[in-house]
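The values are calculated or read from the model by the stated rules, or taken from the named source; none is laboratory data. Predicted model only: the values in this text are computed from it and were never measured. So basically every Cβ, Gly included, is an ideal-geometry build from the backbone, and we count neighbours across all protein chains shown. Each accessible area value is taken on the protein alone, full model and side chains, heavy atoms only, with ligands, DNA and RNA left out. Shrake-Rupley method; radii C 1.70, N 1.55, O 1.52, S 1.80 Å.
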Amino acid sequence: MKKKLAAIVLSAAMVMSLCACGSSTTAQSGETKATSDAAEATEETTETTEAASEDTATETATGLKGHFSIYHFHAEDESGTSKAFWAAANKFQEENPNVQIDYIFTDSNNYQEKLTTYMAGDELADVWLTKGDMLPTFADGGLIQSADQYISKDSDWSSKYVEGAFTDCTYDGKQWGVPFQMQANCIGVYNQAIFDECGIKGWPETWTELLEDCEKIKAAGYTPIGMGNKDQWLAESAVFNTYAYKYVDQDWFNSLSSNEGAKFTDEKFVKALAGFQNIAQYFNSDMNSIDQDEMYSLYYNKKCAMFFNGAWSIGTLLENCPEDVLSNTHVGLMPAVEGESGTKFDTAAGAGWNYVVNSKLEGDDLTACLAFLKAVTTDAYADDALAQGFISAAKTTDTCDMSSLKPLFSEYYELASTMNNCSIFDCVLPSEVGSGVLYADTQQLIANSITPEDMAADCQSALEANY
């Protein structure tokens, strides 16, 4: 399916999700980092750094020289993949004194909008991060060059990624991007101490049990499920997307995304919308007025008993959660809905965001850039990301110390091995749909200001307009 070139222009008013999505306050991954300070959220800084040493970050590229820019959302004061990125980037710079890198940073809430501005002004960086839903715009417009033409020629590089790492950056038979993460877009996080107080033994296995638990928690004076959907992405990308797979399956989504028969208006998808609208009664009443960080605060302050969010929340919790809450925190998979085809293992997951290379970059500058991308997505980066509570798109090395993983992340790591990874809607569908209508209408859905049937019709109309 060829998405229209106007897609990225129309996405200017959209916020970035996370596929992973999105960046978190401390577990930066492609997940969205929300912020309450509008001035800080729009702040953009550019740093130019030069490196130092004779060796390179790759085995074959010695004596590197060149100059390139990278537009990114990796804040230096965060953990997760952001901390792993900067550790690898700084090491690369130290080892390569003749490579100059211009780092262009924008807070993740404003990243996608600013990217649109750069494109409109023909001011794109040499490297930038993008989701899979925007690849057709860049590729069809001749703005990027495929990464696989270089990675496939370097067996040491191509062999370092986990299976499925390139799914979200593949378009028209080519792998356009370089992945840096592999994450679940949805896990359940809960406070067992509150569960105990409410007479709940553990994480629910079925959706009926979850609803029953929510009633007990509500009766005890707590908000059952925290939600921070001010920026629109969290409810859809990080929660509903996985909930939808309790009703539909990967074959249905493949058919939908390729226009081969499945429709948003299909009965099973409408049922999923209705079920999600029902669970919203257990969210905090200001769910569409607070952001992800404020949702975390509800959990930290024992105001809510649980929340659903992407795996990036693990790093956030490890970094910021009060110890008395963290010691009682556990994770689980979203329960299956009785009578429907999906299982608790069906989870929206993937790489989400990827680095892409400007089609104008060439010569020594391109060689240096490729060496850099290898360094900040594989080897020590993968080990470091794991130590920070995050699973990267690359395989860990033989020297990775698995025994040092923190208990909460170990729990998630075990869960991740059982998941049936399914496509992330807003990383595959046209941006007008995945990051547009789906985001906006889900916000209305949980506020009961749109019916499931009308939302399904809206989404289908937007999808058909992009074939």
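Using a ≥ b ≥ c from the Cα gyration tensor of segment 145-199 (square roots of the eigenvalues), is it rounded, prolate or oblate, where a/c under 1.5 gives rounded and otherwise the larger of a/b and b/c decides, a/b for prolate?
Because a/c hits 1.5 or more and a/b exceeds b/c, segment 145-199 counts as prolate.
Can you grab the distance from the C-alpha centre of segment 346-371 to the C-alpha centre of segment 417-467, Å, no decimals?
After rounding, the separation between the Cα centres reads 27 Å.
Would you work out which of Tyr296, Ala75, Gly63 lies farthest towards the positive end of the dipole of the chain, given +1 charges on the beta-carbon of Lys and Arg and -1 on that of Asp and Glu, about the Cα centre?
Final value for the positive-end residue is Tyr296.
Of Gln183, Ala272, Tyr243, which is farthest on the positive side of the dipole of the chain, counting Cα position, with +1 on Lys and Arg Cβ, -1 on Asp and Glu Cβ, and the Cα centre as origin?
Ala272
Stretch Gln250-Ser327 to full length: gain in nm at 0.36 nm per residue minus the Cα-Cα span?
Between Gln250 and Ser327, full extension yields an extra 24.1 nm.
What's the carbon and sulfur percent of the chain's accessible surface, probe 1.4 angstrom, rounded to a whole number?
47
How many Å² of accessible area per residue for segment 85-179, probe 1.4 Å?
37
In terms of modelled amide H atoms, which long-range or inter-chain residues lie less than 5 Å from the amide H of Val357?
Gln145
From Cα pairs below 8 angstrom and at least 6 apart in sequence, can you work out the relative contact order of segment 221-324, rounded to a whole percent?
In percent, rounded to a whole number, it is 50.
At 1.4 Å probe radius, can you tell me the per residue accessible area of segment 257-416 in Å²?
For segment 257-416, the solvent-accessible area averages 37 Å² per residue.
With a 1.4 Å probe and every protein chain left in place, tell me how much accessible area Glu362 has, in Å² to the nearest 10.
Looks like 130 Å² after rounding.
Go through 230-238, 247-255 and give me the packing order, highest mean Cβ count within 10 Å leading.
The packing order, highest mean first, is 230-238, 247-255.
Using modelled backbone amide H atoms (1.01 Å from N, in-plane), which distant-in-sequence or interchain residues come within less than 5 Å of His67's amide H?
Answer set, sorted by chain and number: Gln100, Asp365.
State whether segment 238-366 is rounded, prolate or oblate according to the following rule on the C-alpha gyration tensor (a ≥ b ≥ c being the square roots of its eigenvalues): a/c under 1.5 gives rounded; otherwise a/b larger than b/c gives prolate, and the remaining case gives oblate.
oblate
Give me the net charge of Lys268's neighbourhood, meaning all other residues with Cβ under 13 Å from the Cβ of Lys268; Lys, Arg count +1, Asp, Glu -1.
-2
Go through Ala393, Thr367, Ala349 and say which Cα lies farthest out towards the positive end of the charge dipole of segment 342-400; charges sit on Cβ, +1 for Lys and Arg, -1 for Asp and Glu.
It is Ala349.
Could you state the angle between the C-alpha long axis of helix 108-120 and the longest principal axis of the C-alpha atoms of the chain, as a value from 0 to 90 degrees rounded to the nearest 10?
50
Could you size up the charge dipole of the chain around its Cα centre, putting +1 on the beta carbon of Lys and Arg and -1 on that of Asp and Glu, and report it in debye to the nearest 20?
Dipole about the Cα centre, nearest 20: 760 debye.
Nearest 5 percent is fine: what portion of the DSSP beta bridges confined to the chain is antiparallel?
Taking every DSSP beta bridge within the chain, about 60 percent pair in antiparallel fashion.
To the nearest 20 Debye, how big is the dipole of segment 69-157 about its Cα centre, given +1 on the beta carbon of each Lys and Arg and -1 on that of each Asp and Glu?
120
With each run of n ≥ 4 DSSP H residues scored as -39500 (n - 2.57), what mean residue ellipticity at 222 nm is computed for the chain after dividing by its residue count and rounding to the nearest 500 deg cm²/dmol?
Helix contribution divided over all residues of the chain: -10000 deg cm²/dmol.
Run the numbers on the chain and let me know its relative contact order in percent, using alpha-carbon pairs under 8 Å that are six or more apart.
Answer for the chain is 27 percent.
Looking at segment 271-394, how many pairs of lysines come closer than 27 Å at the Cα, when each pair is eight or more places apart or spans two chains?
Taking segment 271-394 as the scope, the lysine pair count is 4.
In the neighborhood of Leu210, defined by Cβ-to-Cβ distances under 12 Å, what is the net charge if each Lys or Arg adds +1 and each Asp or Glu adds -1?
With Lys, Arg at +1 and Asp, Glu at -1, the net is -3.
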